[in-house]
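Okay, structure first, notes after.
The values are calculated or read from the model by the stated rules, or taken from the named source; none is laboratory data. Since the model is a prediction, treat every value here as computed from it, not as a measurement. Counting neighbours? That spans all protein chains shown, and the Cβs are built from the backbone with ideal geometry, glycine included. Quick note on the areas: whole protein, heavy atoms, side chains included, nothing else; ligands and nucleic acids left out. Shrake-Rupley method; radii C 1.70, N 1.55, O 1.52, S 1.80 Å.
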Amino acid sequence: MVISMSESIVKHNRILRIAFLSLFALLTVAFSGEMTAQAAQNSSGVNTWSALQDEINSAKSGDTIMLGADVTATESDVALSIPDGMVLTLDLNGHTIERNLTSSKGADGAAIRVQSGAALTVKDSLNGEGKITGGYASHGGGICNVGTLILEGGCITGNFAKYAGGGVANYGVFIVKSGTVTANTTGEEGGGIYNASHGYLIVPKSAVYGNHAPTSADIGNDGSMKTIGGDTVDFVSLNTALDIIGVMPVLALLIVLFFAVRLDNYLNKRQKRVMYIITVLVLTLVIQNYLDTFLYHHGNLAILRTINSIYGYSVRPAILAMFLYIISPDRSYKLVWAAVGVNAAVYMTALFSPLTFFYSSGRFISGPLKNCCVIVSAVLLIYCVYMTVKVFRPKQKKETWIPVFVLLLISLSVVLDYTVEYDELPISFLTIAVAISCMMYYIWLHLQFVREHERALQAEHRIQIMMTQIQPHFLFNTLTAIRALCVKEPEAAAHTIGLFSAYLRQNLDSLNQTEVIPLSKEIEHTRIYTDIETIRFPNIRVEYDLRDEECFVPALTIQPLVENAIRHGVRSRKEGIVKVSAYREGNDHIIVIEDNGIGFQALPAKSDDETHIGIHNVRERLKEMCNGTMTIDSKPNDGTKVVLRIPVSEEMNR
């Protein structure tokens, strides 16, 4: 009975074991079938280029696409595109993605393009025999990455780039964990990998080898790169530091301009206010340029770059318009500001239209009206130069090179901005030229203001000279003498009145005389004065020995010296003689005023009396206007001799 029960239990256990094993086998077969079907789904149909792109487009983020065969592109195919927002793994599975190009197709020549916001992981689950090859693009022949790229296996080989990144051009994040990049070629730099200025690259030193390029055969780096087994190089930080250093000279120039305006006594408050506005506008233009470079290096912020560029294009003509208020502040310039406003409105269309410019994948693309700012600025610049010459009419031709140089400088900067890669510069050549032009234009205007101030001072100086010559005592004494003659000798009185009026008229005429005058005219004025004095003082005789009258002198040069000789020298003599001589000696005109008066001791270094002030004025004007000299030789009781020496060459170049 016991045995029978035991056998029954064993038989029952065998049945349960068989049932369990059968169920397990069925589940295993079903699961294996599902996995096989799934594997077949991943690899089914992926044997053509278009089918692979369709598979990518229909995949969900996180999916893995496994190649089941080699995939070869035709001439009409474009790069495989990993769209924005997609996170995808591509398993080469020992197969080849063959782009099959022999010449560059620009951006479409890459085998794979990873768009901004996308992430692609490339691996090879079968012995590392999978590869991506045959691409030929302007940048990134094998893969052009703007998003995130992770290489975990496979080989990127046999690709070409016209400019940079034969194997991979990285503008985003590129991490190499496994796999290789080898035997790729480019025309400029980074035969294997090119890491752009805002790219981030992590790569084992041994993973990139055997590539070809004129410079940086394996890796060309302008961004941040960490080499496993090598050095870490952060070119973004380095470029930022270099950009700041590059901006410093322009900032220093603007600071100097600000304080120069602040300390300039020749500018009124309104002119200073305009210069302050110009300086601030140029400063904001420099900041705008630097910000544009910063945004370029630190990601694809298209809307910020668009707004920033609109401001830059709008403010340049406004700076030139503000300069017109320095040249001629009383005008309204309505047409000028209308042009500035239209220019700004044109560039604001970039917010919703590619009419002027737009950004695509972080790159600046010009529109048909991109040059509107250049045209408006050129017209305003020419108008500024025209108004400057019209208002100031400079007599010094050597100063006219300043506005001409400004025009050439800005024209050259426009050419350089079109021919030099702007992305590598912290600020554009045009911005630098505008800053320099502001300083040079300010210097030009300052020279004009100084010259106007000098003219005003010269006019005031001439008035002072005249007043020193027409002394109250001379007027009083002459009028007294005329009154006495009216009673005794009416005809002599009339003659003296004529002389006196001529004397006053010629003194007044000297106020408007800014250049040298002929010696004969100055002698004529001197004769009138001496004729009046000899009427009052019959004991005085004035002699003239003029053998050289082909000479030019400043107005009121000889007459004050003769007056000094009469008043302080010969008037007290019983027979006083003043002699005026003029002759040529070598390359100099010599004019001598000598008398037999009482003489005097050596003149003190500084003196405020009228005689010394008059002599000082004559000496200064003679030196300034004729490059002439004046020497005085006098001894007590032995007379005085004054010698004027004027170089012939200076007189001829008056």
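Just a few scattered comments:
- Extension reserve of the VAL389-THR480 stretch, reckoned as 0.36 nm per residue once the Cα distance is removed: 27.4 nm
- Fraction of accessible area attributable to carbon and sulfur, segment 188-232 (%, probe 1.4 Å): 50
- For the residue pairs LYS334/LYS370; LYS488/LYS579; LYS105/LYS162; LYS105/LYS205, alpha carbon separations beyond 20 Å are given by LYS334/LYS370; LYS488/LYS579; LYS105/LYS205.
- Local net charge near THR284, Cβ-Cβ under 13 Å (Lys/Arg +1, Asp/Glu -1): 0
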